[in-house]
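A quick write-up on the structure given underneath.
The values are calculated or read from the model by the stated rules, or taken from the named source; none is laboratory data. Being a predicted model, the structure only gives us computed values, none of them experimental. Glycine gets a Cβ as well: all are built from the backbone with ideal geometry, and neighbour counts include every protein chain shown. Protein only, heavy atoms only, side chains kept; ligands, DNA and RNA dropped before computing areas. Shrake-Rupley method; radii C 1.70, N 1.55, O 1.52, S 1.80 Å.
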Amino acid sequence: MSVAPLEALSLDQLRRRRSVKWRAYPDDVLPLFVAETDFALAPAVEATLAEAVALGDTGYTPDDPGIRDAYIGFARRRYGQEIDRSGIASTGDVMMGVVEILRQVTSPGDRVIITPPVYPPFSICIPEAGAVVEPVPLVEGEDGFALDLDGIEAAFAAGARAMLLCNPHNPTGTVHARDTLARLAEIALAHGAVIVSDEIHAPLARPEAGFTPFLAASADAARVGYAVTSASKAFNLAGLKCALMLTADDATTAVVRGMPEEVTWRTGLFGALAGTAAFSPESDPWLDSLQAAIRANHVLLADLLSEHVPAARYRIPDAGYLAWVDLSAKGWGDDPATRILREAKVALHHGPHFGQGGAGHVRINVGCSAEVLTEAVRRIGDLG
Ligand SMILES: Cc1ncc(COP(=O)(O)O)c(C=O)c1O
């Protein structure tokens, strides 16, 4: 059954927003950088938050505001994953969850693998936990990007203690195959290492891409893995501060339960209430229509690039609303986003910030209207 794509808000409405996407630059700049989207909230999320506002329900978050059961249902419906209630704990946001897990599973100075090009804060949160970043870049083949399992094995063999996996991967939108994840888990187990899987973009994996939650990839993965996820990317709730830390084994669950109580106290009540509504079955049709809008925009971006910026290299991703575009052939240097901002007045994310493999690239957020995307690419094309 085909689903009608969601319509984005108008630019006039969006410019009244006070989030960073709409306040970082003056009005002559089209912002397609930070991972916020330009759609109205899902109706169930809006109703839940409106009721909380009407009640002045703005206090602390109780132990379980309903989000555990909502997420258990969501994971079952959308991924076919079974999660035990005891393996779900909340915190303020995904990066907070990652840092707190790394604090528990590494010692100061331990090396933690990341796979660039990757979400830039990964390189910041590992030192925040006292560990050291060890890059093992993705490899690019005919079918897109993939983990370098041999390189990861060598890094574990040389002493790396953990890996921060991005599943699906930001910025390439790669959905790692079940076999790859199972092999990764096997390697980690053989070296006594841990995998922390950031699954924040998973709700926006295309159904045909066959997203596998890391903890469900194999029995080994359930043993060595921690996952952190949130409704915040798909449902645009980043400011409300709620993420879930997931475990699937008694030992890993005990690690999360052993964290200082403050870690769960940092969960925002609005985030937990909104996340509960987002993960409920009532929000599934909205999520499907968001997926349709994003898919249409990725296809539109491919068409626009071939018309206005034919030297660009771009592969439509399997997940999320971020597009990783190689502009090296334009000869605009390592960081084309700087020139694009200055001369085309379009704000994109800077490729080099994503580490190795990022030079000459930009990341474009297509979670906007077709009109905004069209105007942005037209402006970039006008640079010649
Ligand atoms: C892969 C990835 N992880 C984490 C985050 C940030 O999530 P949070 O705001 O919940 O820390 C983002 C934001 O775009 C992201 O892309």
Inside the range 198-224, can you point out the residues that are touching a Ser or Thr at 6+ places or on another chain (Cβ under 6 Å) and more than 15 Å from the ligand (Cβ to nearest atom)?
none
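Looking only at the range 145-157, count every residue that is in contact with a Lys or Arg (Cβ under 8 Å, 6 or more places away or on another chain) and open to solvent by 10 Å² or more (accessible area, probe 1.4 Å) and tell me the total. Even if it seems obvious, please write down each step before you answer.
Step one: of the range 145-157, the residues in contact with a Lys or Arg (Cβ under 8 Å, 6 or more places away or on another chain) are 149, 155.
When the remaining residues are screened for being open to solvent by 10 Å² or more (accessible area, probe 1.4 Å), the result is 149.
The total comes to 1.
Report yes if Gly151 is away from the ligand (no atom under 16 Å from the Cβ) and either more than 21 Å from Gln104 (Cα to Cα) or among the acidic types (Asp, Glu) (or both), otherwise no.
Considered against the rule, which asks whether it is away from the ligand (no atom under 16 Å from the Cβ) and either more than 21 Å from Gln104 (Cα to Cα) or among the acidic types (Asp, Glu) (or both), Gly151 comes out as yes.
Of these, Thr48, Thr37, which one is within 16 Å of the ligand (Cβ to nearest atom) and of a type in the set (S, T, N, Q)?
Details: Thr48 fails: within 16 Å of the ligand (Cβ to nearest atom).
So the residue among Thr48, Thr37 that is within 16 Å of the ligand (Cβ to nearest atom) and of a type in the set (S, T, N, Q) is Thr37.
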Enumerated helices (runs of 4 or more DSSP H) restricted to the range 267-384, each holding at least 1 residues that are open to solvent by 10 Å² or more (accessible area, probe 1.4 Å) and under 30 Å from Thr48 (Cβ atoms)
269-278, 284-308, 370-381
Just one of the numbered conditions (1) of a type outside the set (Val, Ile, Thr); (2) outside the structural domain of Thr212 (by TED's automatic domain parsing); (3) open to solvent by less than 50 Å² (accessible area, probe 1.4 Å) is not true of Asp27; which one?
(3)
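Could you list, in sequence order, the residues of the range 1-42 that are of a type outside the set (A, V, I, L, M, F, W, C) and outside any loop (DSSP other than H, G, I, E, B)? Can you show your working first?
In the first step, residues of the range 1-42 are kept if they are of a type outside the set (A, V, I, L, M, F, W, C); the result is 2, 5, 7, 10, 12-13, 15-19, 21, 23, 25-28, 31, 36-38.
Scanning the range 1-42 gives Asp12, Gln13, Lys21, Arg23, Pro31.
Out of Ile195, Ile187, which single residue is within 18 Å of Val105 (Cβ to Cβ), open to solvent by less than 10 Å² (accessible area, probe 1.4 Å), away from the ligand (no atom under 16 Å from the Cβ) and free of Cβ contacts under 8 Å to residues at least 40 places away in the same chain? Outline the logic, then answer.
Numbers: Ile195 fails: away from the ligand (no atom under 16 Å from the Cβ).
Being within 18 Å of Val105 (Cβ to Cβ), open to solvent by less than 10 Å² (accessible area, probe 1.4 Å), away from the ligand (no atom under 16 Å from the Cβ) and free of Cβ contacts under 8 Å to residues at least 40 places away in the same chain holds for just one of Ile195, Ile187, which is Ile187.
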Every listed condition ((1) within 30 Å of Gly357 (Cβ to Cβ); (2) surrounded by 14 or more Cβ atoms within 10 Å (Cβ to Cβ); (3) within 15 Å of the ligand (Cβ to nearest atom)) holds for Ile124 save (2)
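Suppose the filter is touching a residue at least 24 places away in the same chain (Cβ under 8 Å) and within 16 Å of the ligand (Cβ to nearest atom); does Thr91 pass it?
Against the criterion (touching a residue at least 24 places away in the same chain (Cβ under 8 Å) and within 16 Å of the ligand (Cβ to nearest atom)), Thr91 qualifies.
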Looking across the range 101-113 at residues that are surrounded by fewer than 23 Cβ atoms within 10 Å (Cβ to Cβ) and of a type outside the set (Ser, Thr, Tyr), the single one that is nearest to the ligand (Cβ to nearest atom) is Arg103
